[in-house]
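Here's the structure we're looking at; comments come further down.
The values are calculated or read from the model by the stated rules, or taken from the named source; none is laboratory data. The model shown is predicted, which means the values in this text are computed figures rather than measured ones. Neighbour counts are summed over all protein chains in view; Cβ atoms, including those assigned to glycine, are modelled from backbone coordinates with ideal geometry. Each accessible area value is taken on the protein alone, full model and side chains, heavy atoms only, with ligands, DNA and RNA left out. Shrake-Rupley method; radii C 1.70, N 1.55, O 1.52, S 1.80 Å.
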Amino acid sequence: MTAAIGDWLTGRATTTEESATRQAIAVDGKTLRGSRSSGSPARHVLAACDQDTSVVLASIGVDGKTNEITRFAPLLDWISDLRNTVITVDALHCQRDHVTYLAERGADWILTVKGNQPTLPQQLADLPWRAVPDTTRDTARGHGRREIRALKILSVSTGIEFPHAPQAIQIRRRHRLDQPKRFTTETVYAITNRHVHQARPAQLAAWIRRHWHIENQIHRVRDVPYDEDRSQIRTGTGPHVMAALRNAAIGALRITGVTNIAAANRHHALDSTRRLALLGIT
């Protein structure tokens with residue numbers, strides 16, 4: 001169901017020229033906390049979201065007998081063509097099997113690297129970053145803090161034990177909280193199969209930064225305006241279906257340029273014809 005809805009919404013969306021040349025898809029999971037019962041844990045859903053439109057292209061349940069890692073390939077199997085796409089994931093999915101699968105599907109990838117890989121983080125940290133200048137640097141402000149992001153890219157021929165990763169990326173985020181005024185610095189590493197001539201530094205930085213659109217523009221919206229965590233639907237596939245419907249509603253609003261989902265919901269609730277027009281039904 002989600003794949004069909006995603007295809008329909010994507011066909012109606014207007015993408016930017018930059019995104020149209022190579023689609024970026026973020027993969028991330030979310031727990032449906034209200035679906036927990038005395039006899040079973042809360043349901044979990046893994047989703048693939050178009051970074052540019054914030055449309056969920058596919059989603060799949062993750063039951064208590066498995067985890068996100070084993071559901072990665074089945075999720076992306078719902079997307080018929082991954083050629084000319086870039087898949088971005090968090091550190092949990094920095095897996096060799098995932099890279100093999102994406103290569104077979106013709107997709108490119110950017111993987112965040114953290115402690116679930118026992119030696120890779122240290123190998124990346126030991127690269128000669130001090131000799132590499134910042135390739136991009138930008139500043140953002142929001143939620144009571146200012147963030148300065150600097151990105152370095154290094155071509156790698158030897159030195160890291162991970163297949164098909166010709167480039168390593170260092171992301172340094174410096175946060176300044178307005179109250180109290182103090183600084184914190186975080187350094188994160190990533191790897192990609194894209195070669196230096198295949199992606200500009202600014203493009204890599206944008207894909208990494210926009211990976212979190214799925215968290216900010218989908219998961220947080222389901223939590224706040226749609227109050228998903230307090231939903232008591234628990235039977236059968238009900239929690240997954242409701243999550244898919246919320247994703248569809250968010251996607252339908254996003255592709256029309258809506259930024260305030262709560263206000264848009266109130267606007268469309270006043271007149272049923274507005275909802276029909278939103279779906280292209282006249």
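Hey, can you rank 161-173, 267-279 by average C-beta count inside 10 Å, highest first? Write down the numbers at each step before the final one.
Working: 161-173: 17.3, 267-279: 12.5.
Final packing ranking: 161-173, 267-279.
In a fully extended conformation the segment linking residue 200 and residue 132 would gain 22.9 nm over its present Cα-Cα distance, using 0.36 nm per residue. Can you tell me how region 96-248 classifies by the Cα gyration tensor, rounded, prolate or oblate, using a/c under 1.5 as the rounded cut? Because a/c hits 1.5 or more and a/b fails to exceed b/c, region 96-248 counts as oblate. Under 1.5 on a/c is rounded, so check that first for region 23-74, then, if it is not, pick prolate when a/b is larger than b/c and oblate when it is not; a ≥ b ≥ c are the square roots of the alpha carbon gyration tensor eigenvalues. Note, shape of region 23-74 comes out oblate.
Ligands, DNA and RNA excluded, the heavy atoms of residue 114 present near 110 Å² of accessible surface to a 1.4 Å solvent probe.
Taking the Cα centre as origin and putting +1 on Lys and Arg beta-carbons and -1 on Asp and Glu beta-carbons, what dipole magnitude results for region 93-217, to the nearest 20 debye? Write down the numbers at each step before the final one.
Working: 20 positive and 11 negative charges, 151 e Å.
Approximately 720 debye in magnitude.
Counting only helical runs of four or more DSSP H residues, what would the 222 nm mean residue ellipticity of the chain come to if each run contributes -39,500 (n - 2.57) and the total is spread over all its residues?
Working: 10 runs with 89 residues, N = 282.
Using -39500 (n - 2.57) per qualifying helix, the result is -9000 deg cm²/dmol.
Compared with the alpha-carbon gap, the fully stretched path from residue 4 to residue 139 is longer by 44.8 nm at 0.36 nm per residue. Computed over the chain, relative contact order equals 20 percent, with contacts defined as Cα pairs under 8 Å that lie 6+ residues apart. Relative protection proxy for 46-57, 88-99, 228-239, from highest mean packing down: 46-57, 88-99, 228-239 (other beta-carbon atoms within 10 angstrom). Remark: the residue 272-residue 81 segment gains 65.2 nm on full extension, using 0.36 nm per residue and subtracting the alpha carbon distance. The charge dipole of the chain, taken about its Cα centre with unit charges on the Cβ of Lys, Arg, Asp and Glu (plus for the first two, minus for the last two), comes to roughly 960 debye. Given axes a ≥ b ≥ c from the Cα gyration tensor, I'd like to know whether region 1-119 is rounded (a/c under 1.5), prolate (a/b larger than b/c) or oblate. Verdict is oblate for region 1-119.
Which whole-number percent gives the relative contact order of region 82-199, counting Cα pairs below 8 Å spaced six or more residues apart? It would help to have the intermediate numbers written out before the result.
Details: 216 pairs, mean separation 27.9, N = 118.
That works out to 24 percent.
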